[in-house]
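Let me begin by presenting the structure, written as structure tokens, before commenting on it.
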Amino acid sequence: LSEVDDRKMLERVVESLRLIYGVETDVTIGQLSEADAAYDGKRKQYDASSLLKAAARRDHSGMTLVLTARDLYVPGFNYVFGYAPGGVGVVSTARLGQRVWGAPSSQELVIQRIVKECVHEVGHLMGLSHCSNHGCVMSFSNSVIDTDRKGSAPCPECMLKLGRSRRL
Ligand SMILES: [Zn+2]
Ligand SMILES: [Zn+2]
């Protein structure tokens, strides 16, 4: 489910998920109105956990990834690019357009960041944890600098883990 209506970007996400994980993604563009209740007026941000609970109440089969422009937080963090504790995951584009060192972020760079964070959250949905390899898409991103530094696919070790958990 994508609240962001950007077909070019969504195509890239779908393509990457297919190439990396071999999964086909159905994209629905629409608003997750139930997520309005996840808004924290003091922080002017959305609580990622309650947004995911709202998303989980929707009918869905298999894995669900919500793509939203809402700015997300989880307790203990100023913001997060995404969150996927299980079943349903979310990626926020709110902060992925950030400028680094004052340089404007090109549309292509922003798409790459969104793709990486989507591949990251789907990795969680498939059972992967954070990886200490900074080039691995499963390494945690504190900022877009981390996102730009990491690769767009899981490292060989993570792919191996994925293969193992699939065989179970
Ligand atoms: Zn993560
Ligand atoms: Zn890894």
**Asked** What nm value, rounded to one decimal, do you get for the distance between Glu108 and Val27 when each label is placed 7 Å out toward the C-beta?
**Response** 1.9 nm
**Prompt:** Within the chain, how many Lys pairs sit with Cα atoms under 23 Å apart, leaving out pairs fewer than 8 places apart on the same chain?
**Reply:** 7
**Asked** Tell me, what ³J(HN,Hα) does each residue in segment 92-107 have, in order and in whole Hz, if you take phi through Karplus 6.51 cos²θ - 1.76 cosθ + 1.60 with θ = phi - 60° and put x for Gly and Pro?
**Response** 10, 8, 3, 10, 7, x, 4, 7, 10, 6, x, 7, x, 8, 6, 4
**Request:** Can you grab the distance from the C-alpha centre of segment 141-162 to the C-alpha centre of segment 1-57, Å, no decimals?
**Result:** 20 Å
**Asked** Heavy-atom accessible area per residue, the chain, 1.4 Å probe: how many Å²?
**Response** 54 Å²
**Message:** Of all beta bridges DSSP finds with both residues in the chain, what is the antiparallel percent, to the nearest 5?
**Reply:** 45 percent
**Prompt:** Rounded to the nearest 500 deg cm²/dmol, what is the calculated helix-only ellipticity per residue at 222 nm for the chain, with -39500 (n - 2.57) per DSSP H run of length n ≥ 4?
**Reply:** -11500 deg cm²/dmol
**Message:** I'd like the isolated cysteines in the chain, meaning no second cysteine's beta-carbon lies under 4.7 angstrom from theirs.
**Reply:** Cys118, Cys158
**Request:** Name the residues whose placed amide hydrogens come within less than 5 Å of the amide hydrogen of Ser2, ignoring near sequence neighbours (fewer than 5 apart) on the same chain.
**Result:** Thr28, Ile29, Gly30, Leu67
**Request:** Specify the longest stretch of the chain that does not include any exposed loop site, a site being one of the trypsin sites (Lys or Arg not before Pro) with a non-H, G, I, E, B DSSP assignment and at most 12 other Cβ atoms within 10 Å.
**Result:** 100-168
**Request:** Enumerate the amide H contacts of Leu72 below 5 Å, restricted to partners 5 or more residues apart or on another chain; note that Pro and chain-start residues carry no placed amide H.
**Result:** Tyr46, Val80
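The values are calculated or read from the model by the stated rules, or taken from the named source; none is laboratory data. Just so we're clear, the structure is a prediction, and the values are computed from it rather than from any experiment. No Cβ is skipped: glycine too gets one built from the backbone with ideal geometry, and neighbour counts run over all protein chains shown. Just so you know, the surface numbers come from the protein's heavy atoms only, side chains and all, with ligands and any DNA or RNA stripped out. Shrake-Rupley method; radii C 1.70, N 1.55, O 1.52, S 1.80 Å.
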